[in-house]
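Engineer: Submitted below is the structure of interest, expressed as structure tokens.
No lab work stands behind these numbers, since they all come straight from the coordinates. Computed from a predicted model, the values in this text were never measured in an experiment. All Cβ positions, even for glycine, are placed from backbone atoms using ideal geometry, and neighbour counts span all protein chains on display.
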Amino acid sequence: MVAPAGSYRTADFITAAVALRVDVIVASDGRLPFGDLGTSRSVGIDCTRPEWSAARIAGLDLKPDAVIGVDDAAVVIASHASTLLGHSSNPPAAVMATRDKARMRGLLAGGRVPQPAYLVAAVGEVPAAAAAIGFPVVVKPRGLSASVGVIRVDDEVGARAVETRIRSIVAAVTGDSGASLLVEAFVPGAEVAVEGMLVDGDFSVLALLDKPDPLDGPFFEETLFVTPSRHPSHVRMDVVRIVGDAVAALGLVSGPIHAEVRIGPAGVTIIEVAARSIGGLCGRALTFGLLRESLESLIIRSALGLPGSGAWSEAFAAGAMIVPIPRAGRLMAVEGVSEALDVPGIIGFEQTIPVGRRLVPLPEGDRYLGFLLSEAGSPDAVEDSLRS
């Protein structure tokens, strides 16, 4: 299991592995707080050196039967390591395309997958690229995730200021202030997240999650996720078909898929595809089958080909609210938790930033205050409980 030290997801994957009685080796670039989850074998890696890290994993005396990357910073390493070990997995080139938004756009264009009009802009070229596409546009870094550095621009003056701001963000994260940026047309409309699984190239949908709060910018901080989707059946079918086409165009063949689409005036449009499952702790809202199996358990079983792999049913009516950071500062307290947990349908809250920590909101920040989870008899009831 490849798990960067800052990942939200590691504990849930370890919990699922323990429940499945699967032995785990954790490859990480730092210490991981496992709490009462027990001790697992570990190996040190460097997430900025994917091929070197993959070689360390493949060189272990105890050869793993599968390598799983738990989030964006891990999936390329996992793909390289799987290739070195001879496992059936996503080709590294396909996974790297999901980590480079410009490369992804090029492959989707080659597969004639509906997506926003786009241009790649070198230093100083964002205003001209935005004008060529037509305002409003969205400007984003090519390689960052979690909406970091993603900003909507409505005019040429704003484009110049946004380019400067995004380049500062990229330089702070990667050290490269001269990297090209992606400029793409803003697609109005509702956004839907797609959780899926690939087995030998066959794409299956695990859940469609509505995002009922408008995501119109200037920043794109996510809040509510609700499943199952309440869009009409023909729209849901279009979403599944187009995400399947996107996955094929990228060359992905194995493991979890998380995609974001917009349902705009021209129909369903692909925004992004990732070779991983949903981020943060939103996956805790998804359970499957009579035994209420977790998303992480499905991913592990699929990777190992354990009995029942592929026998998935749609998730129960559930949802999550990502608690946003309202402004920069220092976190002094989180209040109202017990009152929130008393709301019918609310099943849990997890604070993910410790009290006393400095807070940085989007578009510079990449963390959230916490995750509130809900389960109810219908998606409408789920949304009502989260809003309450």
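Engineer: Hydropathy first: keep DSSP H helices in the chain averaging at least 0.5 on Kyte-Doolittle, then drop any whose Cα extent along the axis falls short of 18 Å, and list what survives.
Structural biologist: What comes out of the filter, once short or polar helices are dropped, is 72-85, 156-174, 233-250.
Engineer: Between the stretch 160-176 and the stretch 277-291, what is the separation of their alpha carbon centroids in Å?
Structural biologist: 34 Å
Engineer: Mind listing P(r) for the chain? All alpha-carbon pairs, 20 Å bins, whole percents.
Structural biologist: 27, 62, 11
Engineer: Output ³J(HN,Hα) for the stretch 181-198: one whole-Hz value per residue in order, computed from phi by the Karplus curve 6.51 cos²θ - 1.76 cosθ + 1.60 with θ = phi - 60°, and x for Gly and Pro.
Structural biologist: So the Karplus estimates, Gly and Pro as x, are 10, 9, 10, 9, 4, 6, 9, x, x, 6, 10, 10, 9, 10, 9, x, 9, 10 Hz.
Engineer: With just the Cα atoms defining each centre, how far is the stretch 350-374 from the stretch 202-271? Give it in Å.
Structural biologist: 25 Å
Engineer: For Asp200 and Asp176, what does the FRET efficiency come to when R0 = 35 Å and r is the distance between their Cβ atoms, rounded to the nearest 0.05?
Structural biologist: Taking R0 as 35 Å, the efficiency between Asp200 and Asp176 is 0.40.
Engineer: Using a simple spin-label model with points 7 Å from Cα along the Cα→Cβ vector, what separation in nm is obtained for Ala131 and Ala117?
Structural biologist: Going by the 7 Å Cα→Cβ label model, 1.5 nm.
Engineer: For the stretch 218-360, with the dipole built from +1 on Lys and Arg beta-carbon atoms and -1 on Asp and Glu ones, taken about the Cα centre, which of Phe349, His258, His234 lies farthest toward the positive end?
Structural biologist: Sorting the options by dipole projection puts first His258.
Engineer: While we're on this one: Between Asp46 and Ala248, what length in nm is gained on full extension when 0.36 nm per residue of separation is reduced by their alpha carbon distance?
Structural biologist: Extending this stretch completely gives an extra 69.8 nm.
Engineer: Helix-only mean residue ellipticity at 222 nm, the chain, DSSP H runs n ≥ 4 weighted -39,500 (n - 2.57), per residue, nearest 500. What is it?
Structural biologist: Helix contribution divided over all residues of the chain: -9000 deg cm²/dmol.
Engineer: Right, another one. Output the peptides 114-127, 294-307 sorted from most to least packed, where packing is the average of other Cβ atoms within 10 Å over each peptide's residues.
Structural biologist: 294-307, 114-127
Engineer: Could I ask something else about it? Would you grab the residues whose amide H sits under 5 Å from the one on Arg230? Only those 5+ places off in sequence or on another chain, please, with H modelled 1.01 Å from N.
Structural biologist: Result for Arg230 returns Asp210.
Engineer: Next up: Sort 62-74, 272-284, 317-329 by the packing proxy (mean of other Cβ within 10 Å over each peptide's residues), most packed first.
Structural biologist: For the peptides 62-74, 272-284, 317-329, the packing ranking is 272-284, 62-74, 317-329.
Engineer: I need the P(r) histogram for the stretch 7-104: all alpha carbon pairs, bin width 10 Å from 0 out to the longest distance, whole percents.
Structural biologist: Going out from 0 Å in 10 Å bins, the stretch 7-104 shows 15, 48, 32, 5, 0 percent.
Engineer: Starting from 0 in steps of 10 Å, tell me what percent of the Cα-Cα pairs of the stretch 262-388 lands in each bin.
Structural biologist: Pairs per bin, as whole percents: 11, 31, 34, 20, 3.
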